Amino acid sequence: MRSAFSLRSARSHTVAAAACVAWLATVSFPSVVDGQSVERRWVGAWGTAPISLPPAPPSSGAQPANPLFPAPPEVGNRTNRQVVRASVGGSQVRVALTNRFGTKPLRIGAAHVATRSAGPVVVEKSGGALMFRGKPTVTIEPASVVLSDPVALDVKAFADLAIDIYLPDEGWGATSPTTYHASALATGYLSAKGNHVGAAKMPVEATFQQWLFLSHVDVSSATAPGTLVAFGDSITD
C-alpha cells in the first residue's frame, strides 16, 4: 500500500532546492562571433527537485487521491509536453531526464525541445529532437540520469521552453515509482495516444501540474557567468 504524502514530508524532499534551481556546468567551449573567439560555457538555466511517487496498488490501478499532491495522469503510450522557463539565454540547449526513484528501466521513445508559443503550442521549426549519444531513443536505468546531446536553439532569457517526452510503455507508473516534482505550479499537456513529439499543435487530451522525469536544462552562453540557486523548503519552492 502506498504511503501517504504529507506537507512535512514534501518539504523534506524539496529542502535541497526550489523549482528553478539550476546547475552550473564547468564545460566551456570557444565559438566565433564577428571574427573573434568567444568563450561559451554550459550554464544551468532551469532545474527542479524530484521526489518519488510510489506505484498504484495493483487492485485499484489508480493512485489514491491526495489534495496536496494529486497524481499525474497515465502517460504511457502518450506524449507529455512540459513547459519550463529558462533563466539564461544562449544558442544551444541540453536536457537531463531522470529515473532517480524508479525501480525499473524507463524507456524514452522520443523527445524534443522547442520554444513555447502559447498554451500547448510551440513555435514551428524551433528547436529539434533530443538525441542521446546520437540516438533518438534511450533507456534510463533505475537511479540514473541521462543528459541529451546539444540542440541548436536560440534561447532568450526567461523564454518558455516546451519539452516533449514520448513514453512507449503503457502502465509503467503502476509497476515502478515515478520520478516527478509534485507541485510544479505550471501546466503540462498530455496528448492523445501515440508519438506527437515536436508537433506544433499537439492533440491535447489532458493537463497536469507536475514535472515528470525532468531534472535540469542547460544552455550554452557566452555572457552568463553562472546561476543563482535558491535553497529552502516547500515555501521557497
* With the condition kept exactly as written, say whether any residue in the stretch 59-76 is within 18 Å of residue 210 (Cβ to Cβ), at pLDDT 60 or above and open to solvent by less than 10 Å² (accessible area, probe 1.4 Å). => yes
* **Matching residues in the stretch 89-117 - criterion: being more than 23 Å from residue 53 (Cβ to Cβ) and open to solvent by 60 Å² or more (accessible area, probe 1.4 Å)** => 117
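Condition check ((1) of a type outside the set (Ser, Thr, Tyr); (2) within 21 Å of residue 52 (Cβ to Cβ); (3) touching a residue at least 40 places away in the same chain (Cβ under 8 Å)) across all residues:
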{"site": "190", "(1), (2), (3)": "yes, yes, yes"}
{"site": "193", "(1), (2), (3)": "yes, no, yes"}
{"site": "196", "(1), (2), (3)": "yes, no, yes"}
{"site": "208", "(1), (2), (3)": "yes, yes, yes"}
{"site": "213", "(1), (2), (3)": "yes, yes, yes"}
{"site": "217", "(1), (2), (3)": "yes, no, yes"}
{"site": "227", "(1), (2), (3)": "no, no, yes"}
{"site": "230", "(1), (2), (3)": "yes, no, yes"}
{"site": "233", "(1), (2), (3)": "yes, yes, yes"}
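The values are calculated or read from the model by the stated rules, or taken from the named source; none is laboratory data. The shown structure was predicted, so the numbers you read here are calculated from the model rather than taken from an experiment. Glycine gets a Cβ as well: all are built from the backbone with ideal geometry, and neighbour counts include every protein chain shown. What goes into the accessible areas is simple: the full protein's heavy atoms, side chains included, and nothing from ligands, DNA or RNA. Shrake-Rupley method; radii C 1.70, N 1.55, O 1.52, S 1.80 Å.
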